[in-house]
Amino acid sequence: MLNNLPKLNLPFYTFKTKTVKQSTQIFDTIRKKFIELTPEEWVRQHFINFLITEKKYPASLFLVEKGIKVKTMNKRTDIIVYSAKSASPYLLVECKAPTIKITQDAFMQAANYNLTQKVTFLIVTNGLNHFCCKMNYIDNSFEFLQEIPEYSG
């Protein structure tokens, strides 16, 4: 299965994997368990490692696949990182499989998740392309950033 997954536009990381009944699983260090290795999970695990290793986000502040309520529907966010200072959501990441193009629909999905989270940074990635917005709640605007910021929450 690992040979079938594309090289991402992220640094290379080594993961613990195992096979269970012809299904490859990858160890998620945040959830502390093996998860089925889908293309989206491949992106999520790389992005978690990228944020921790390269951007210095503390692993203890991550929640992965957190259940939230959006209007009347139950949804799951891919990655939320909390602020150590305020204990409020700081960064939200919506992950897509590498074959999925990042479209306005993907941003709308992330924006809908953010209605209740009110993060400082909103990211949408498919592992190949990463888009990061800094949110401004005073005038309900956002600014696309050239790169993903290091942790300062």
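When the chain is treated as a GNM with alpha-carbon contacts under 10 Å, the residue of Asn114, Asn74, Asn126 showing the greatest mean-square fluctuation is Asn74.
In the structure displayed, which of Lys33/Lys134; Lys55/Lys96; Lys85/Lys134 lie more than 24 Å apart, Cα to Cα? Beyond 24 Å between Cα atoms: Lys33/Lys134.
The GNM of the chain, with springs linking C-alpha atoms under 10 angstrom apart, assigns the highest mean-square fluctuation among Phe62, Phe50, Phe34 to Phe34. Per the Cα gyration tensor, the stretch 1-43 maps to an equivalent ellipsoid with semi-axes of 17, 14, 8 Å, ordered largest to smallest. Entry note: the chain has Rg to Rh equal to 0.95, where both radii use alpha-carbon atoms and Rh is the Kirkwood radius. So in the stretch 90-153, what percent of DSSP beta bridges are antiparallel if you round to the nearest 5? Once the DSSP bridges in the stretch 90-153 are tallied, antiparallel ones form about 65 percent. Both numbers refer to the Cα atoms of the stretch 39-127; Rg and Dmax are 12.5, 37 Å.
Measuring nothing but alpha carbons in the stretch 7-91 and taking Rh as the Kirkwood radius, the Rg to Rh ratio lands at 1.00. All Cα-Cα distances of the stretch 100-153, cut into 5 Å bins from zero to the largest, leave 4, 18, 30, 27, 16, 5, 1 percent in each bin in turn. Of the chymotrypsin sites (Phe, Trp or Tyr not before Pro) in the stretch 112-142, the ones in a loop by DSSP (not H, G, I, E or B) with at most 14 other beta carbons within 10 Å are Tyr137. When the trypsin sites (Lys or Arg not before Pro) in the stretch 14-44 are filtered for DSSP coil states and for at most 16 other beta-carbon atoms within 10 Å of their beta-carbon, the remaining sites are Lys16, Lys21, Arg31, Lys32.
We did not get these values from a lab; they are worked out from the coordinates using the rules stated. Everything numeric in this text was worked out from a predicted model, so none of it was measured. Neighbour counts run over all protein chains shown; Cβ positions are idealised from the backbone, glycine included.
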